[in-house]
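Chemist: Let me begin by handing over the structure; questions about it come next.
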Amino acid sequence: MYFRQIFHSPSHSIGYLLADMSACDAVLIDPLPEQSELLLALLQERDLRLLYVLRTHMHPPEQGHCGELCRFTGAELVVGTNSPYDGPTQRKGHGETVVFGNEVLRVLATPGHTPDSVCFLWRDRLFCGDTLEIGGCSLDADQSDPGRLYDSVTQRLFLLPGETLMFPGHDFNGRTVSTIAEERHRNAAFSASSREHFLTANARQPARPGPRAPSPHVRQ
């Protein structure tokens, strides 16, 4: 197997490249369009065939998030069932799988950060996008539902084995991996909060006119 984190310093974003080297099949999780040239070079360097571009979530008016990668490789875009994207895509619901070579990713529906948020579970590794951050959580004023986010994290992600490695969609504190056990006990947004407290602390603020601001990454 081949596994690599792909960093984008300006946005603190992290994408992921996974490949079955015996079959030369690969998938990308949350790649950024501006990194397409780099990612195509990585695929060519190791003679990998990109089968799927996986998106943990999308924010309107974002569309595609596949672009040159799909155009040059023939890869398919994979999104959650409730994704706003209306182009060619595979929509995956909770419990469905994505197969590449001899490897299998399992889809976990985790609405809350956005209605279409999903996580991908591969072996002992969870790729959670913005559903869960190391030590905190991410809420978007326009799309997020704090109640659904709390339920997704506590009733779905926190039920995974404690040794599961958790890989987030962003790096804000110099850390790029945690475990489910650590987040259960040390994540300040969830470990000491009841659902009611979480909802109160993250009450939706009235929308302000003007350009949409970047999503706030909430730490409590």
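The values are calculated or read from the model by the stated rules, or taken from the named source; none is laboratory data. All values derive from a computational prediction rather than experimental measurement. Virtual Cβ from ideal backbone geometry, glycine too; neighbours counted across all protein chains shown. SASA here: full protein model, heavy atoms, side chains in, ligands and nucleic acids out. Shrake-Rupley method; radii C 1.70, N 1.55, O 1.52, S 1.80 Å.
Chemist: Dividing the convex hull volume of the alpha carbon atoms of region 89-181 by its residue count, what do you get in Å³ per residue?
Modeler: Residue-normalised Cα hull volume stands at 108 Å³.
Chemist: How far is the Cα center of region 74-130 from the Cα center of region 177-206, in Å?
Modeler: About 23 Å separates the Cα centre of region 74-130 from the one of region 177-206.
Chemist: When the Karplus curve 6.51 cos²θ - 1.76 cosθ + 1.60 is applied with θ = phi - 60°, which whole-Hz ³J(HN,Hα) does each residue of region 183-192 get, with x for Gly and Pro?
Modeler: Whole-Hz 3J(HN,Hα) from phi for region 183-192: 5, 4, 9, 10, 6, 5, 6, 10, 5, 10.
Chemist: Report the full-extension gain for the segment C24 to F172: residue separation times 0.36 nm, less the Cα-Cα distance, to one decimal in nm.
Modeler: Difference between extended and current length: 50.0 nm.
Chemist: With a 1.4 Å probe and every protein chain left in place, work out the accessible area per residue of region 1-160 in Å², rounded to a whole number.
Modeler: In whole numbers, region 1-160 has 41 Å² accessible per residue.
Chemist: Hey, another quick one. Could you give log10 I(q)/I(0) at q = 0.12 Å⁻¹ for region 30-101, computed by the Debye formula over C-alpha point scatterers of equal weight, without solvent?
Modeler: Scattering profile of region 30-101, log10 relative to I(0): -0.32.
Chemist: Return the long-range amide H neighbours of T179 (sequence gap of 5 or more, or a different chain), with a cut-off of under 5 Å between placed amide H atoms.
Modeler: Placed amide hydrogens put M166 under 5 Å from T179.
Chemist: Would you mind checking which residues have amide H under 5 Å from F100's amide H? H placed 1.01 Å from N; only 5 or more apart, or other chain.
Modeler: L105
Chemist: What percentage of the solvent-accessible surface of the chain, computed with a 1.4 Å probe over protein heavy atoms, is contributed by carbon and sulfur atoms?
Modeler: Using a 1.4 Å probe with all protein chains present, the chain comes out at 51 percent carbon and sulfur.
Chemist: Further question: Run the Debye formula on the Cα coordinates of the chain, all scatterers equal and no solvent, and tell me log10 I(q)/I(0) at q = 0.11, 0.13, 0.14 1/Å.
Modeler: Cα-only, vacuum Debye calculation for the chain: -0.51, -0.72, -0.84.
Chemist: Further question: Using the beta-carbon distance between R71 and M1 and R0 = 30 Å, what value does 1/(1 + (r/R0)^6) give for FRET efficiency, to the nearest 0.05?
Modeler: 0.65
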